[in-house]
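One structure below.
The values are calculated or read from the model by the stated rules, or taken from the named source; none is laboratory data. None of the values given here were measured: they were computed from a predicted structure. Cβ placement follows ideal geometry from the backbone for every residue including glycine, while neighbour counts extend to all protein chains displayed. To get the accessible areas, we keep the full protein, side chains included, count just its heavy atoms, and leave off ligands, DNA and RNA. Shrake-Rupley method; radii C 1.70, N 1.55, O 1.52, S 1.80 Å.
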Amino acid sequence: MLDGEKRNQTGVIEFILLGLGNTSEPQPLLFFLFLIIYLLTIIGNLLIIVLVIADQHLHIPMYFFLGNLSFLETCYSSNILPKMLTSLLTGDRIITMGGCLAQYYFFGSCAATETYLLAAMSYDRYLAICKPLLYASIMSRKLCFQLIAGAWMNGLLVNGIMMFLINELLFCGPNIIDHYFCELTPLQKLSCTETSRIELATFLLAFILTVTPFVLTLTSYFSIITTIMKIKSSIGRQKAFSSCSSHLMVVCLFYGTIMIVYMLPDTPTLRHLNKIFSIFYTILTPLANPIIYTLRNKEVHKTLSRLQNKLTHFWKW
């Protein structure tokens, strides 16, 4: 009976996303800035996907993982930025409860999938540098598909558990989310029911989805760096390090910003700073990944040159 009364008191059917500021007026300058970022992110990541699929030289595990990472980053950006762009252009910051929960689910799934995908990519680099003679036999096509499938299933299924727990929460008070997208922490704060169970689940699942793949990634890179330091030739060391430097930069950018965001105290003075650092890993990291791999990867350079030559011949013909 008491549970029924609580549910009858539930009046919140939509939320208001404050975004980057507290004004409800359109912000055209920010709209154009984030629109350019979104377009560059989509174009850059789709270009890498096309290159990996079209060029036979890139049909190896490293670029198979890179293509999946680019697809993941495209999903990441397309989940957050369209709603954010609409709010900046029109000033309409309302999002339905269903839309908010869907946005959180896809955001959480993409973030969780990326942690394990980065761990799989670091394992690939570990085998290539530390076990080169066994690389081809261990990193088979079957194992690549298993690692990718495992990463996606972890992200989708575990966040399904979180969605079930969030769906049990009741929202009967304020409906203002001090963020530019729907995230778990502000949603918990708006709930008018007990959140201890979801807090415990968040802690346990964060360990599974963040700490575990982070430790696996660190272990791989510890072995990689140890092996590289044992190489006597400076050219050999440089060549070995260049094969994993792009991925290492992406790992540092992703985990570095996440640690800052979730380790900052949740105080009114630091809340705005928290949102700024959130922009780095939700919006700028998907843009940075194709730039890093395009600028620092010789094979991608060669593929782009071959593609450019083919297009030039086509237009001349």
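Measuring nothing but how far apart in sequence close Cα pairs (under 8 Å, 6+ apart) lie, relative to its length, segment 1-142 scores a relative contact order of 33 percent.
Taking the charge dipole of the chain about its Cα centre, with +1 at Lys and Arg Cβ atoms and -1 at Asp and Glu Cβ atoms, the residue from PHE254, LEU17, ILE291 reaching farthest to the positive side is ILE291. Using a cutoff of 8 angstrom between alpha carbon atoms and counting only pairs six or more residues apart, the relative contact order for segment 75-197 works out to 30 percent.
Note on the chain: lysine pairs with Cα distance below 23 Å, sequence gap of 8 or more or different chains, count 15. Can you list the residues of segment 42-67 with backbone N under 13 Å from a point 7 Å past the Cα of SER137, pointing along Cα to Cβ? None, by backbone N distance to the label point. If you wrap the chain in the convex hull of its Cα atoms and look at it from every side, the mean projected area works out to 20.3 nm². Exposed loop sites here mean GluC sites (Glu not before Pro) with a DSSP loop assignment and at most 13 other beta-carbon atoms within 10 Å; the chain contains its longest site-free run at 1-167.
Ignoring ligands, DNA and RNA, how do CYS252, CYS172, CYS130 rank by accessible area with a 1.4 Å probe, largest first?
CYS252, CYS172, CYS130
Counting only complete DSSP H runs, which helices of the chain cover 20 Å or more along their long axis at the Cα atoms and score a mean Kyte-Doolittle of 1.0 or above? Passing helices, by number: 28-54, 141-167, 212-230.
Here the accessible area is traced with a 1.4 Å probe on the protein chains. For the chain, carbon and sulfur cover 71 percent of it.
With the whole protein complex present, THR226 retains an accessible surface near 50 Å², based on a 1.4 Å probe. Note on CYS192: accessible area is roughly 60 Å² with a 1.4 Å probe, heavy atoms of protein only. Based on C-alpha pairs under 8 angstrom that are at least 6 apart in sequence, the chain has a relative contact order of 26 percent.
Just to be sure I understand the curve: with the Debye formula and one point per C-alpha of segment 49-174, what is log10 I(q)/I(0) at q = 0.11, 0.18 Å⁻¹? Debye intensities relative to I(0), on a log10 scale: -0.52, -1.00.
Modelled spin-label separation between ILE260 and VAL211, with each label point placed 7 Å from Cα along the Cα-to-Cβ direction: 2.4 nm.
The helix-based estimate of mean residue ellipticity at 222 nm for the chain, built from -39,500 (n - 2.57) per DSSP H run of four or more residues and divided by its residue count, is -25500 deg cm²/dmol to the nearest 500.
Shape summary of segment 114-239, radius of gyration then Dmax from alpha carbon positions: 20.6, 66 Å. Per residue, the accessible area of segment 95-207 comes to 46 Å² when a 1.4 Å probe rolls over the protein heavy atoms.
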